[in-house]
Amino acid sequence: MTLALRRADFFDPRLPVFLQSHLDELRPTAPAESRHALDLTGLRQPSVRLWVAWDGEAIAATGALAVLEPGHEELKSMRTAPGMRGRGLGRLMLGHLLEDAAARSVERISLETGSMGFFAPARRLYESAGFVPCDPFGGYKEDPNSVFMSLTLSAPASPKVLRR
């Protein structure tokens with residue numbers, strides 16, 4: 001498997017199909033008011049950076065960052081194609097998104113995910129990356145179907161000054 005990570009091309013007809021599959025897969029997991037995935041229109045907003053992992057000509061995974069306020073962004077649209085799950089693509093995408101955020105001096109990344117068993121692998125991934133539970137953020141409210149998590153990004157180390 002050779003992957004290429006690129007910013008989303010919203011003119012590629014494969015992208016809306018992949019993203020709609022994500023929404024369809026989430027539909028039975030919670031009531032409509034508890035599903036917070038962005039649709040194609042939401043992901044096209046200038047405040048959102050959507051990345052796509054390609055395995056040849058197939059979309060293998062997606063992940064996005066949406067600006068909440070300066071220095072604070074939300075992780076959105078993390079999805080691995082069902083046939084590609086269990087191969088570390090989620091970890092790869094998450095690492096890429098965190099590097100992208102750090103390079104842009106983002107200080108905090110927050111996320112909302114489901115509380116149901118379906119989302120347990122995602123919660124384990126986020127915990128392993130250092131995300132910790134937090135209160136609802138942005139426009140979210142307490143919801144038994146939601147888990148809120150946040151990660152404070154370390155500031156890049158300042159260059160050492162050499163003295164002679």
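Residues are listed down the side, and each one gets a yes or a no for (1) under 22 Å from Leu5 (Cβ atoms); (2) of a type in the set (D, E, K, R); (3) not in a strand (DSSP E or B):
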| site | (1), (2), (3) |
| --- | --- |
| Leu19 | yes, no, yes |
| His22 | yes, no, yes |
| His36 | no, no, yes |
| Gly42 | yes, no, yes |
| Ala53 | yes, no, no |
| Ala61 | yes, no, no |
| Val67 | yes, no, no |
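Selection of the range 66-120 for residues being surrounded by fewer than 21 Cβ atoms within 10 Å (Cβ to Cβ) and at positive phi yields Gly71, Gly86, Gly88, Ser105. Taking the numbered list (1) over 17 Å from Leu151 (Cα atoms); (2) in contact with a His (Cβ under 9 Å, 6 or more places away or on another chain); (3) of a type in the set (Gly, Ala, Ser); (4) loosely packed, with under 15 Cβ neighbours inside 10 Å in turn, Gly138 passes all entries but (1).
Summed over the range 16-45, residues that are within 16 Å of the chain's Cα centre (by Cα) and either among the aliphatic types (A, V, I, L, M) or under 20 Å from Leu68 (Cβ atoms) (or both) total 13.
Looking at Ala30, is it touching a residue at least 40 places away in the same chain (Cβ under 8 Å), under 26 Å from Pro144 (Cβ atoms) and among the hydrophobic types (A, V, I, L, M, F, W, C)? Can you show your working first?
Details: touching a residue at least 40 places away in the same chain (Cβ under 8 Å): yes; under 26 Å from Pro144 (Cβ atoms): yes; among the hydrophobic types (A, V, I, L, M, F, W, C): yes.
For Ala30, the condition - touching a residue at least 40 places away in the same chain (Cβ under 8 Å), under 26 Å from Pro144 (Cβ atoms) and among the hydrophobic types (A, V, I, L, M, F, W, C) - is met.
None of the figures in this text is laboratory data; all of them are computed from the coordinates on show. These figures come from a predicted structure and were not determined experimentally. Every residue, glycine among them, receives a Cβ derived from its backbone with ideal geometry; neighbour counts consider all protein chains shown.
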